[in-house]
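What follows draws every value from the coordinates through simple rules; no lab data is involved. All of these numbers come straight from a predicted model, not from anything done at the bench. Please note: Cβ atoms are built from the backbone with ideal geometry, for glycine as well, and neighbour counts cover all protein chains shown.
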Amino acid sequence: MSANGEVKPAARPLKVDGVDVELGGVAILRGVTFDVRPGEVFGIVGPNGAGKTTILNVIDGIVRPSAGTVRYGDVDLCRVRPHNMRDHGIGRSLQSTHYFRDLTAAELVALGELPNSVAGALRFTGHRKRRKAQAAARHRGMEVLEQFGLERYASRPLNELSSAVQKLLDIARAVVAGGELLLLDEPTSGVSGQERGAIGEALLQLRTLGRTIVLIDHDPGFVTGNCDRLMAMNFGEVLDVGLPDDVMGSDVVKRSYLGEPVDSDTGESAAPGP
Ligand SMILES: Nc1ncnc2c1ncn2[C@@H]1O[C@H](COP(=O)(O)OP(=O)(O)OP(=O)(O)O)[C@@H](O)[C@H]1O
Ligand SMILES: [Mg+2]
């Protein structure tokens, strides 16, 4: 990121290769391999518990894999601490904004600039250097709020705002935090069909700015409409990677994820038509 907060278009691929994760002795991810091209919107779909969030946790260093590698350009992300991911242009939105419900919109978005110290971001006394950093964070936060057309919510607490606005604010926080590679965990969960359009527009805006986006979502219409490619997974394994319609229509995805019976002779869905 440059001194004035501008982010250059993403130019680096993300490469996840052979990642295994074990938590509490249980295999959560097995041999997960995929790559995300610079400037691409890459969707991850799969049923609850498939391991989607765990993949984002591996990419941004919260969970360390027991095998495999994660590289962003020439950076080995398995050696980067979560709070330093922003130095590599990586920002993350969360599956739930529940923990932030008492913050105002401006405070939430400014947190993206100060990931090392949540308390520090909210404290308004202290060292001069810290106050300067806080002022810069507020300024950068307001810039991004304006970029998303959200500045009217700046002083409103999150718990007064709709799910769609909360999700947009958390995406804005991720943009402030990193901005070049955005990891978005279910940006439309709890958001009504009508309001999903606003989230799709925000993605379009970020893509136009050249960001790379990894997006988890459960809504087949939203992912096929907004992603360049999809990865489907189940039980911690990759089922398929490819163009959205191909992945959603593939036999293995229909059988394993959508639960549709597939005619073994024709490969066609054997589910009754509408
Ligand atoms: N810290 C942990 N310790 C043990 N098991 C965990 C831990 N975190 C996640 N899991 C398990 O790992 C599996 C994958 O979880 P993950 O949250 O990645 O799934 P998901 O695909 O994001 O699901 P959802 O769609 O419900 O968000 C689940 O069975 C979950 O219970
Ligand atoms: Mg999840």
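Quick notes
- C-alpha long axis of helix 193-208 to longest principal axis of the chain, angle in °: 70 degrees
- For the stretch 50-208, convex hull volume per residue from C-alpha positions, Å³: 127 Å³
- Charge dipole (Cα centre; +1 on Lys/Arg Cβ, -1 on Asp/Glu Cβ; no other charges) of the chain amounts to roughly 1800 debye.
- Top positive-direction residue, dipole computed over the chain with Cβ charges, set A106, G236, G193: A106
- Positive dipole terminus of the chain, leading residue within L94, V32, G178 (C-beta point charges): G178
- Remark: the stretch 76-88, residue by residue, has Karplus-estimated 3J(HN,Hα) of 7, 5, 5, 9, 9, 6, x, 6, 9, 4, 4, 5, 9 Hz, where x stands for each Gly or Pro and the curve is 6.51 cos²θ - 1.76 cosθ + 1.60 at θ = phi - 60°.
- DSSP finds beta bridges in the chain, and of those with both partners inside it, around 55 percent are antiparallel.
- Label-to-label distance, nm, for residues given as R64 and S189 (7 Å Cα→Cβ offset): 2.7 nm
- Put simply, the amide H of V238, placed in the peptide plane, has neighbours under 5 Å in T33, leaving out anything fewer than 5 places away on its chain.
- In whole angstrom, the chain maps to an equivalent ellipsoid with semi-axes of 34, 21, 16, each derived as √(5λ) from the alpha carbon gyration tensor and ordered largest first.
- 0 to 90° range, to nearest 10: angle between helix 163-177 axis and the chain longest Cα axis: 70 degrees
- A helix-only calculation puts the chain at -9500 deg cm²/dmol for mean residue ellipticity at 222 nm, using -39500 (n - 2.57) for each DSSP H run of at least four residues, averaged over all residues.
- Point-to-point label distance, N48-T208, nm (Cα→Cβ direction, 7 Å offset): 3.7 nm
- Which listed pairs, of K15/K254; K15/K132; K52/K129; K167/K254, have C-alpha distances above 32 Å, in listed order: K15/K132; K52/K129
- Among L161, L184, L29, the largest mean-square fluctuation in a Gaussian network model of the chain, built with springs joining Cα atoms closer than 10 Å, belongs to L161.
- Largest GNM mean-square fluctuation among R140, R81, R37, using the chain with Cα springs under 10 Å: R81.
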